[in-house]
Amino acid sequence: MTQLETAGRQEAPRTGELLVRVEGVHRIFRAGGREVHALQGVHLDIHAGEFVTLMGRSGSGKTTLLNLIGGLDQPTRGRVVYDGRDLKSFSQKELTRWRRTQVGFIFQAFALIPALTALENVELPLRISGTSPRKARARAMECLELVGLAKRAKHRSYELSGGEQQRVGIARALAARPRLLIADEPTGELDEATGRQIMSLFRSIIASENVAVCMTTHDPVASSYADIIYYLKDGVIISHTGKEGASDG
């Protein structure tokens, strides 16, 4: 589906609970005595059960925005509000706990531990958070089943294909039952066919877990799967396509 076709498709009201609101966000970095305006007054909303994609060329600000939404960075001006609360109001301890329990992170390079099996990679964050071994193992297997990898649970990461490794990464991100999945170029290391499988998997997970997905990508294939696509250029949302009510920045 082309961008023009996507822009012209039927839009539907946004019915899910408002989960994240980005309000007038600026992010300024200082480098070598000069200011770099990575984001310039960005507004957007993410609702429960939505697949939101941030698109733009390298340097457009999409990864900076994703980091702010995931609480990995803070805006210079403006607010990122999660479930009615400004992330800036969180203490460092609260923010760490929030990221551990409410947000799942998915990385382009998978970030699996090679010495561990798929099952052990998925259950690791649960074990770290204090979940009992029995419950951690049961939830990890449930997540691997959700991504279609239960039969590969005992394989180590180097024994898995790129697409399978990314599925393990998605299962790991789901382990703590987050409300928001943050995915930075999750198909960047994959071929087109495998990338489409990952996009389809996101749609399936959204339906079954009622989780919101916010993803950065260069991949135009995303337009066939996402509910809302925000296009960024030079730190500004220049347009969007998708459901009515989405901010156009």
(message) Please compute the modelled spin-label separation between residue 88 and residue 221, points set 7 Å along Cα→Cβ, answer in nm with one decimal.
(response) 4.0 nm
(request) Decide, for the stretch 97-222, between rounded, prolate and oblate: order the square roots of the alpha carbon gyration tensor eigenvalues as a ≥ b ≥ c, take rounded if a/c falls under 1.5, and otherwise choose prolate if a/b is larger than b/c, else oblate. (result) oblate
(message) Sort 192-202, 92-102, 29-39 by the packing proxy (mean of other Cβ within 10 Å over each peptide's residues), most packed first.
(response) 192-202, 92-102, 29-39
(request) Averaging sequence separations of C-alpha pairs under 8 Å and six or more residues apart, then dividing by the length of the stretch 173-249, give the relative contact order as a whole percent. (result) 26 percent
(request) Using only the Cα atoms of the stretch 42-92, build the gyration tensor, take square roots of its eigenvalues as a ≥ b ≥ c, and label the shape rounded, prolate or oblate: rounded if a/c is under 1.5, else prolate if a/b is larger than b/c, else oblate. (result) oblate
(message) Counting heavy atoms of the protein chains only and a 1.4 Å probe, report the per residue accessible area for the chain as a whole number of Å².
(response) 47 Å²
(message) Rounded to the nearest 5, what % of DSSP beta bridges with both residues in the chain are antiparallel?
(response) 60 percent
(message) Counting only helical runs of four or more DSSP H residues, what would the 222 nm mean residue ellipticity of the chain come to if each run contributes -39,500 (n - 2.57) and the total is spread over all its residues?
(response) -10000 deg cm²/dmol
(request) Compute the relative contact order of the chain as a whole-number percentage, counting only Cα pairs closer than 8 Å that sit 6 or more residues apart in sequence. (result) 31 percent
(request) Would you calculate the separation in nanometres between label points at residue 77 and residue 156, each defined as 7 Å from the Cα along the Cα-to-beta-carbon direction? (result) 5.3 nm
(request) State the Cα centre-to-centre distance between the stretch 48-112 and the stretch 118-187 in whole Å. (result) 20 Å
(request) Could you tell me what percent of the accessible area of the chain is made up of carbon and sulfur, with a 1.4 Å probe and every protein chain present? (result) 49 percent
(request) Tell me which label goes with the value of log10 I(q)/I(0) by the Debye sum over Cα atoms at q = 0.10, 0.15 Å⁻¹ computed from the coordinates here: [x] -0.48, -1.06; [y] -0.54, -1.12; [z] -0.42, -1.01. (result) [x]
(request) Would you mind classifying the stretch 106-157 by shape? Square roots of the alpha carbon gyration tensor eigenvalues, ordered a ≥ b ≥ c; an a/c under 1.5 is rounded, otherwise it is prolate if a/b is larger than b/c and oblate if not. (result) oblate
(request) Check cross-link reach from residue 88 to the aspartates and glutamates: straight Cα distance under 17 Å, and skip same-chain residues fewer than eight apart. (result) 23, 73
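The values are calculated or read from the model by the stated rules, or taken from the named source; none is laboratory data. Being a predicted model, the structure only gives us computed values, none of them experimental. For neighbour counting, all protein chains shown are included, and Cβ atoms are generated from backbone atoms with ideal geometry for every residue, glycine included. When the accessible area is computed, the model is the full protein with side chains, heavy atoms only, and any ligands, DNA or RNA have been set aside. Shrake-Rupley method; radii C 1.70, N 1.55, O 1.52, S 1.80 Å.
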